[in-house]
Amino acid sequence: MQANKYVTDWVNEMARLTKPDKIVWCDGSKEERERFYEEGCKNGAFVKLNQQKWPDCYYHRSNSNDVARTEHLTFICAPSADTVGPTNNHMNDKVAYQKLTGLFDGCMKGRTMYVIPFVMGPIGSPLAKVGVEITDHLYVVQNMGIMTRMGEIAWKQLGDSPEFTKCLHSVGDCNPDRRYICHFPQDNSIWSFGSGYGGNALLGKKCLALRIASYLGRQQDWMAEHMLLMGVEAPGGEKTYVAAAFPSACGKTNFAMLVPPKKYADAGWKVTTLGDDIVWMWINPESGKLHAINPELGYFGVVPGTNEKSNPNALKSMTKDTIFTNVGLIKLEDGTYDVWWEDSGIPEPKKCTNWEGKEWTPEIARETKMKAAHPNSRFTAPMDNNPVLDPAAKDPKGVPVSAIIFGGRRSKTIPLVYQAFNWVHGVYIGATIGSETTAAATGATGVVRRDPMANLPFIGYNIRDYLVHWFQMRKKMTDCPRVFMVNWFRKNDAGKFLWPGFGENMRVLKWIIDRCHGRAYAMETPLGWQPRPQDIDLEGLNMTTEDFKILESVSPEDMKQEIMSQEELFLKLAGDLPKEMIFQRELLITRL
Ligand code: GTP
Ligand code: SPV
Ligand code: MN
């Protein structure tokens, strides 16, 4: 199969603009992949890791100014600011094309242009989308090969249609002053210049599968969300699918790969992964229920903190065919390379090269707090490596979603878990998620910001219309998922986490599953339905009934503060706020 005329015309036009020395059309084969790694090891893009220990694994260190998404340099480009809304950076589309044409002009001189055909979504799914990414960065090619269905399969899927997302990327000179991540939803196109970082450069991911897809989804009655997707099998075989939206670096990959504590595993509980970052959901016309697919084929996960205890399935996923970005690099005695990161559970090396390319030793680390791995260092691994991959992970029919869980990273105020009264209340809860910012985006960390549906940085159109879309989806379903809120991150006054988290989240998940099937008790409170200590199994945890009450406690004073801090979002939407938002807030205030 080959590219159709629409593709070749566009590629030729982009080649005239960027003026590469050479154009390589990627076919997605294994031979090609190996050849690219060989090239990348020669030109410095990759370091081959010790192949006994890390078969087919490679290391990449990015420019140290380019280690996270740059939301302030990310734009939705359209004629009017209103289509883009108050939470996105707007650039007039004509102005954006003009500005970026200047940057792309001749930027690939002396470089190779790679043309990457790819599909987001399982082949055969009516939602599957074809994209073509042009890039001058081998690192992007190899990541796209893991994260997407890349290669000739995309030409087959596209046939002679003109409908593909045009993704133009150049790492340029990686200067933050000349870095722009621009989306043109009306043109189905993305232009990204000056960054090689995942969410900025792997354009199938956040740019296509969330920003462009959310824009299309609103027009076509489906949803593109920043969510994980998991299967939960109860003893006896009952299967329930759960989608969960947590902001960046707030636990999606960990939750999606959850290992039930021994007692649960022995009883027959099984958790399987469908996706860890993005879901597309639509209403199945036969069942009237919300169905979901994961459009990706791999994981681009946070490395630090991944260890045998916290996330053994992620560790197993990265044992082969994996790219490690910005972790510590160790040169072994035989001249081969190994990797290390903080909280890996592996003893620290005597010496390594850190994410900035500087010498790191345990002594230096203790004196200067220097990290071997950047807090947002990442692994890229094929989802086929995951030992608990759900059998339906690639099923174009998708899976029915019984529960939607929202979550945030909150050291105070928000209890461990509660259930919304109904869909509309659940949408209000999701729309007002607050979460402490993390290293996944550049800027200050630990600051509470409103992150509606954990999707704030990824909504490709006006948030007003996005919230209306969420409310209206209810009317189109005959049966809708139950909606929950969780917070694994509540701390005591000494700054210690009150909840053990990770695998122990199974206890909360079981309550959620049981609620979905009408089996678990809950108490009506001002926030929603909350479990009493006896409703959640605490056996085997170092936790008393009193401790649990603290975890679930809601202080009316703190909640009033919380409602005040939602004002930031409400004011941004002033005059445009869906009335459900206002009514739900009023109801909450009266309940407090
Ligand atoms: P993105 O890939 O950025 O979208 O992140 P993510 O939502 O997949 O987050 P991930 O699972 O990678 O977790 C991010 C960080 O949160 C890691 O440092 C984890 O160790 C930590 N984390 C995840 N789950 C828990 C938990 O249940 N409790 C605590 N205390 N920390 C957690
Ligand atoms: C996130 O920041 O939410 C990520 C990493 O999942 S990236 O895809 O780079 O945006
Ligand atoms: Mn993410």
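The values are calculated or read from the model by the stated rules, or taken from the named source; none is laboratory data. None of these values were measured; they are calculated from a predicted model. No Cβ is skipped: glycine too gets one built from the backbone with ideal geometry, and neighbour counts run over all protein chains shown.
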(request) Can you tell me which residue within region 357-403, out of those that are of a type in the set (K, R) and over 26 Å from R515 (Cα atoms), is surrounded by the most Cβ atoms within 10 Å (Cβ to Cβ)? (result) R378
(message) I'm trying to understand the selection: among the residues of region 475-526, which are over 24 Å from L587 (Cβ atoms), under 26 Å from the mean Cα position of the chain (by Cα) and of a type in the set (A, V, I, L, M)?
(response) L498, M506, V508, L509, I513
(request) From the list T306, T322, pick out the single residue that is under 20 Å from Q51 (Cα atoms) and at pLDDT 95 or above. (result) T322
(request) Give the residues of region 335-348 that are under 18 Å from K48 (Cβ atoms) and in contact (Cβ under 8 Å) with a residue 12 or more places away in the chain, sorted by residue number. (result) T336, Y337, D338, V339, W340
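Would you mention how many residues in region 533-557 are within 25 Å of H425 (Cα to Cα) and free of Cβ contacts under 8 Å to residues at least 12 places away in the same chain?
1
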(request) Would you check if T438 is over 20 Å from E552 (Cβ atoms), within 16 Å of ligand 3 (Cβ to nearest atom) and part of a loop (DSSP other than H, G, I, E, B)? (result) yes
(message) So, in region 475-492, how many residues would count as being more than 20 Å from T437 (Cα to Cα) and exposed (fewer than 15 other Cβ atoms within 10 Å of the Cβ)?
(response) 4
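Determine whether A403 is closer than 15 Å to V242 by Cβ and touching a strand residue (DSSP E or B) at 6+ places or on another chain (Cβ under 8 Å). Full working, then the answer.
Values: closer than 15 Å to V242 by Cβ: yes; touching a strand residue (DSSP E or B) at 6+ places or on another chain (Cβ under 8 Å): yes.
Taking the combined requirement at face value, the residue satisfies it.
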(message) Here are the criteria: (1) hydrophobic (A, V, I, L, M, F, W, C); (2) over 20 Å from S214 (Cα atoms); (3) away from ligand 2 (no atom under 16 Å from the Cβ). Tell me which single one A439 does not satisfy.
(response) (3)
(request) Considering (1) away from ligand 2 (no atom under 16 Å from the Cβ); (2) within 19 Å of the chain's Cα centre (by Cα); (3) buried (at least 24 other Cβ atoms within 10 Å of the Cβ), say which one L315 fails and leave the rest. (result) (3)
(request) Just give me the residues in region 138-180 being touching a Leu at 6+ places or on another chain (Cβ under 9 Å) and not in a helix (DSSP H, G or I), in sequence order. (result) T148, R149, M150, F164, T165, C167, L168, H169, S170, G172, R179, Y180
(request) State yes or no: is L297 buried (at least 19 other Cβ atoms within 10 Å of the Cβ) and within 15 Å of ligand 1 (Cβ to nearest atom)? (result) no
(request) Give the residue, chosen from D493, D514, D558, D537, that is part of a helix (DSSP H, G or I), acidic (D, E) and farther than 30 Å from W222 by Cα. (result) D558
(message) Tell me the residue from P531, P481, P452, P457 that is at pLDDT 95 or above and within 17 Å of K549 (Cα to Cα), please.
(response) P531
(message) Can you go through E546, E562, E524 and tell me which one is of a type in the set (D, E, K, R) and surrounded by 15 or more Cβ atoms within 10 Å (Cβ to Cβ)?
(response) E562
(request) Among the candidates K42, K19, K48, single out the residue that is surrounded by 13 or more Cβ atoms within 10 Å (Cβ to Cβ), closer than 22 Å to K109 by Cα and modelled with pLDDT of 95 or more. (result) K19
(request) State which residue is farthest from H374 (Cα to Cα) when the search covers only region 427-442 and only residues that are hydrophobic (A, V, I, L, M, F, W, C) and more than 15 Å from ligand 1 (Cβ to nearest atom). (result) V427
(message) Let me spell it out: the conditions are (1) surrounded by 24 or more Cβ atoms within 10 Å (Cβ to Cβ); (2) touching a residue at least 40 places away in the same chain (Cβ under 8 Å), and V119 meets all of them except one. Which number is the exception?
(response) (2)
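Sort out for me the strands (runs of 3 or more DSSP E) sitting completely within region 181-283 that have 1 or more residues that are within 13 Å of ligand 3 (Cβ to nearest atom) and surrounded by fewer than 24 Cβ atoms within 10 Å (Cβ to Cβ).
239-245
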(request) Restrict the check to region 452-473 and report whether at least one residue is farther than 22 Å from I181 by Cα, away from ligand 2 (no atom under 16 Å from the Cβ), free of Cβ contacts under 8 Å to residues at least 60 places away in the same chain and not hydrophobic (A, V, I, L, M, F, W, C). (result) yes
(request) Would you mind finding the one in V448, V417, V427, V468 that is out of contact with any strand residue (DSSP E or B) (no Cβ under 9 Å at 6 or more places or on another chain), away from ligand 3 (no atom under 16 Å from the Cβ) and either closer than 28 Å to E524 by Cα or not acidic (D, E) (or both)? (result) V468
(request) Return the residue satisfying two criteria in turn: it lies in region 419-429 and is surrounded by 24 or more Cβ atoms within 10 Å (Cβ to Cβ) and of a type outside the set (A, V, I, L, M), and of such residues it is farthest from R532 (Cα to Cα). (result) Y428
(request) Name the residue, out of L203, L216, L208, L228, that is more than 17 Å from F406 (Cα to Cα) and in contact with an Asp or Glu (Cβ under 8 Å, 6 or more places away or on another chain). (result) L203
